[in-house]
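J.: Dropping the structure in here first, questions after.
Values quoted throughout were computed directly from the atomic coordinates according to the rules given, and no laboratory measurement underlies them. If you're wondering where the values come from, they're calculated on a predicted model, not measured in any experiment. Every residue, glycine among them, receives a Cβ derived from its backbone with ideal geometry; neighbour counts consider all protein chains shown.
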Amino acid sequence: MEIQKIGVIGAGQMGNGIAHVCAVAGFDVALHDITRERIEAGLASINGNLARLVARKKITEKQREGALARIAVAEALDALSEVDLVIESATEEEAVKRQIFAELCPLMRDDAIVTTNTSSISITRLAAATDRPERFMGLHFMNPVPAMELVELIRGIATDDSTFATITAFVDKLGKTIAVSEDFPAFMVNRILLPMINEAVYTLYEGVGSVESIDTAMRLGAHHPMGPLQLADFIGLDTCLSIMQVLYEGLADTKYRPCPLLVKYVEAGWLGRKTQRGFYDYRGDTPVPTR
């Protein structure tokens with residue numbers, strides 16, 4: 001099967017990034033979210049990101065216009081009935097994803113493929129909530145999608161070879177590099193990355209270092225482009241906590257226990273950049289550590 005038209009569910013940071021790279025690669029995209037306002041906000045982000053690429057001479061103005069023209073607003077799920085591939089990129093909550101698939105699958109063609117951009121949840125379990133587990137798999141893009149080269153591919157226990165081959169060819173057309181992961185909690189990137197972030201939060205919680213000291217130590221001492229607490233704010237502390245909970249519950253190992261300080265920040269609604277406060281306060285001209 002050749003992929004030509006794509007449905008993207010979720011117009012947030014990940015979803016609009018996925019729609020962006022698909023449209024630039026020449027695919028027609030139908031972008032869906034729960035409100036028209038969220039879709040319009042996603043389109044505005046795509047337009048701004050494409051404009052920056054034009055300014056840096058990465059793409060031409062004609063390519064920007066062509067990419068935007070290929071993205072259509074899909075206010076209702078039935079607007080995805082004729083797509084070849086759906087990429088679900090809703091919030092990282094299993095119940096929400098299962099509900100989306102329950103509503104989506106009856107509307108789709110029998111031969112269409114469904115994928116999820118989950119960063120941690122079992123592909124096999126999500127596939128079992130659909131009517132097409134053999135045409136379902138994990139398609140995990142990295143954040144920010146337009147800039148990051150990697151895509152993790154994760155097969156569920158029922159994913160067939162033709163589905164995997166089709167998605168592999170599709171990712172190749174996006175110009176991304178593939179890493180194939182087995183279906184274990186958090187897959188590869190987040191199984192390594194998130195415990196490091198959680199350990200940085202423990203280091204802060206135990207008073208070993210301040211926010212600024214920890215981030216400076218890892219930027220200059222380990223040559224990371226971004227400190228772990230700054231990165232946590234960028235990812236979203238609620239997402240970090242969710243992935244750590246999946247690891248802790250899925251692998252039953254105390255080394256994955258979420259740091260109580262991470263839990264406290266999420267309970268306070270301090271989720272990072274998207275709420276203007278996390279390990280840094282972003283409400284002023286310069287981010288200021290909150291601890």
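J.: Please give the peptides 159-169, 268-278 ranked by average Cβ packing (other Cβ atoms within 10 Å per residue), highest first, as a rough proxy for protection.
T.: On the way: 159-169: 16.1, 268-278: 18.3.
The most tightly packed comes first, giving 268-278, 159-169.
J.: Another question, then. What FRET efficiency comes out for Arg36 versus Ala222 if R0 is 30 angstrom and r is the Cβ-Cβ distance? Round to the nearest 0.05. Write down the numbers at each step before the final one.
T.: Details: r = 44 Å, r/R0 = 1.46.
Once rounded, the FRET efficiency stands at 0.10.
J.: Got a sec? Charge dipole of the chain, +1 on Cβ for Lys and Arg, -1 for Asp and Glu; which of Met188, Leu231, Ile113 is way out at the positive end?
T.: Leu231
J.: So what's the net charge close to Ala90: Lys and Arg +1, Asp and Glu -1, counting the other residues with Cβ under 10 Å from its Cβ? Before the final figure, lay out each step's value.
T.: Working: positive: Lys97; negative: Asp33, Glu88, Glu92, Glu93.
With Lys, Arg at +1 and Asp, Glu at -1, the neighbours total -3.
J.: For Lys97, list the aspartates and glutamates whose Cα falls under 16 Å from its own Cα; do not include residues on the same chain fewer than 8 positions away.
T.: Asp33, Glu88, Asp131
J.: Okay, next question. So how tilted is helix 94-104 from the main axis of the chain? Cα-based, degrees 0 to 90, rounded to 10.
T.: The answer is roughly 10 degrees.
J.: Which whole-Hz couplings ³J(HN,Hα) result when phi for each residue of segment 140-145 is put into the Karplus expression 6.51 cos²θ - 1.76 cosθ + 1.60, θ = phi - 60°, listed in order with x for Gly and Pro?
T.: 9, 7, 8, 10, x, 4
J.: HN-Hα J couplings of segment 157-174 from phi, Karplus 6.51/-1.76/1.60, θ = phi - 60°, integer Hz, Gly and Pro as x?
T.: So the J values, rounded to whole Hz, are 4, 9, 4, 8, 5, 5, 5, 4, 5, 5, 5, 4, 5, 5, 5, 4, 5, 6.
J.: Moving on. Could you work out the longest stretch of the chain that avoids the GluC sites (Glu not before Pro) located in DSSP loops with at most 14 other Cβ atoms within 10 Å? Kindly include the intermediate steps, with their values, before the conclusion.
T.: Details: sites that count: Glu2, Glu75, Glu82, Glu93, Glu149, Glu182, Glu206.
Longest site-free region, per DSSP loop and neighbour criteria: 207-291.
J.: Whose amide H sits under 5 Å from the amide H of Arg277, counting only residues 5 or more places off or on another chain, with H placed in the peptide plane?
T.: Leu271, Gly272, Tyr282
J.: While we're looking at this one, here's another question. Residue-wise, which Karplus ³J(HN,Hα) couplings in Hz belong to segment 10-25, taking 6.51 cos²θ - 1.76 cosθ + 1.60, θ = phi - 60°, and x for glycine or proline?
T.: x, 10, x, 4, 6, x, 6, x, 5, 4, 4, 5, 5, 5, 5, 7
J.: If you don't mind, another one. Might you report the magnitude of the Cβ-based charge dipole of segment 5-181 about its Cα centre, with Lys and Arg at +1 and Asp and Glu at -1, to the nearest 20 debye? Please list the in-between numbers first.
T.: Working: 19 positive and 24 negative charges, 155 e Å.
In debye, rounded to 20, segment 5-181 gives about 740.
J.: If contacts are Cα pairs under 8 angstrom and at least 6 residues apart, what is the relative contact order of segment 189-289 in percent? Walk me through the numbers on the way to the answer.
T.: Working: 120 pairs, mean separation 26.4, N = 101.
Dividing the mean separation by the residue count of segment 189-289 yields 26 percent.
J.: Tell me which of Val29, Ala95, Ile167 sits at the most positive position along the dipole axis of the chain, charges placed on C-beta atoms (Lys, Arg +1; Asp, Glu -1).
T.: Val29
J.: Reachable lysines from Lys58, Cα under 20 Å, same-chain residues fewer than 8 places away excluded?
T.: List returned: Lys173, Lys176.
J.: Under a cut-off of 18 Å between alpha-carbon atoms, report the aspartates and glutamates in cross-link reach of Lys57, not counting same-chain residues fewer than 8 places apart.
T.: The reachable aspartates and glutamates, counting only those whose Cα sits under 18 Å from Lys57, are Glu65.
J.: While we're looking at this one, here's another question. Counting other beta carbons within 10 Å of each Cβ, put Cys105, Cys240, Cys22 in order, fewest first. Kindly include the intermediate steps, with their values, before the conclusion.
T.: Values: Cys105 19, Cys240 29, Cys22 26.
Least to most surrounded, the residues fall as Cys105, Cys22, Cys240.
J.: Roughly how many nanometres apart are two label points built 7 Å out from the Cα toward the Cβ at Asp131 and Leu150?
T.: A separation of 3.7 nm, rounded to one decimal place.
J.: Relative contact order for the chain: what is it in percent, counting Cα pairs under 8 Å that are at least 6 residues apart?
T.: Numbers: 502 pairs, mean separation 37.7, N = 291.
After rounding, I find 13 percent.
J.: Just to confirm the filter: which trypsin sites (Lys or Arg not before Pro) across segment 1-78 are DSSP coil and have at most 11 other Cβ within 10 angstrom of their Cβ?
T.: Numbers: sites: Lys5, Arg36, Arg38, Arg52, Arg56, Lys57, Lys58, Lys62, Arg64, Arg70; in loops: Arg56, Lys57, Lys58, Arg70.
Hits after loop and neighbour filter: Arg56, Lys57.
J.: For the chain, would you read off the P(r) tail past 26 Å as a percentage of all alpha carbon pairs?
T.: Details: 19334 of 42195 pairs.
So the pairs more than 26 Å apart make up 46 percent of the total in the chain.
J.: Can you put Arg257, Arg191 in order of Cβ neighbours within 10 angstrom, beginning with the fewest? Let's see the in-between values first.
T.: Details: Arg257 13, Arg191 19.
In order of increasing Cβ crowding within 10 Å: Arg257, Arg191.
J.: Please report the net charge: other residues with Cβ closer than 11 Å to the Cβ of Pro146, K and R +1, D and E -1.
T.: Details: positive: Arg52, Lys58, Lys176; negative: Glu149.
For residues surrounding Pro146, the net value is +2.
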